Amino acid sequence: MENGIFRALINNGAVLLALSAVFETAYFLPARYQRFKTVFSGILIAGACIAVMAAPFRIQSGIIFDTRSILISVTALIFGPVPASITAAAALAFRLFIGGIGTW
């Protein structure tokens, strides 16, 4: 197996593990903070999104895949619109900070 493909598979597994850790961590909040659970989840997932975007997958020379669209879609499906909006805003801000051709 090619080294780059193996690394990409490990990174995908790490993203899934991070999402499951966020999902479980949100249930450990005290009862008085339960209404902030979606915001807390969104902030944690936004951190994972920035980490994923900081280490993108290089498929070929010039073709880079940073999985932000997949992460935001899965966040909206599993966690709902509030965490997805927070994650999308953080991904947008980080993408504008990075710059480059993928910004547009």
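On C-alpha positions alone, give me the angle between the axis of helix 37-54 and the longest principal axis of the chain, in degrees, nearest 10.
So the helix axis and the longest Cα principal axis differ by about 10 degrees.
Of the accessible area of the chain, with the probe set at 1.4 angstrom, what percent is carbon plus sulfur? Don't skip to the answer; put the middle values down first.
Values: 4940 of 7070 Å².
That fraction is 70 percent.
Based on Cα positions only, what radius of gyration and what Dmax would you give for the chain, in angstroms?
Final numbers for Rg and Dmax: 14.8, 50 Å.
Nearest 500 deg cm²/dmol is fine: what mean residue ellipticity at 222 nm does the chain get from its DSSP H runs of n ≥ 4 alone, each adding -39,500 (n - 2.57), divided by its residue count? List each step's numbers first, then the result.
Values: 4 runs with 70 residues, N = 104.
Theoretical 222 nm ellipticity from helices: -22500 deg cm²/dmol.
Once you've got the GNM for the chain with C-alpha springs shorter than 10 Å, pick whichever of Ala54, Ala76, Ala31 has the biggest mean-square fluctuation.
Looking only at Ala54, Ala76, Ala31, the biggest GNM fluctuation is shown by Ala31.
On the full set of protein chains, 1.4 Å probe, figure out the accessible area of Thr67 and give it in Å² to the nearest 10.
Near enough 10 Å² of accessible area.
Roughly what angle does helix 3-25 make with the longest principal axis of the chain, taking Cα atoms, 0 to 90 degrees, to the nearest 10?
Long axis of 3-25 versus the principal axis of the chain: about 10 degrees.
Angle check, please: helix 68-78 long axis (alpha carbons) against the longest principal axis of the chain (alpha carbons), in degrees 0 to 90, nearest 10.
Value to nearest ten degrees: 30.
The values are calculated or read from the model by the stated rules, or taken from the named source; none is laboratory data. Since this is a predicted model, take the numbers as computed values, not measurements. Calculation scope for accessible area: heavy atoms of the full protein, side chains included, ligands and nucleic acids excluded. Shrake-Rupley method; radii C 1.70, N 1.55, O 1.52, S 1.80 Å.
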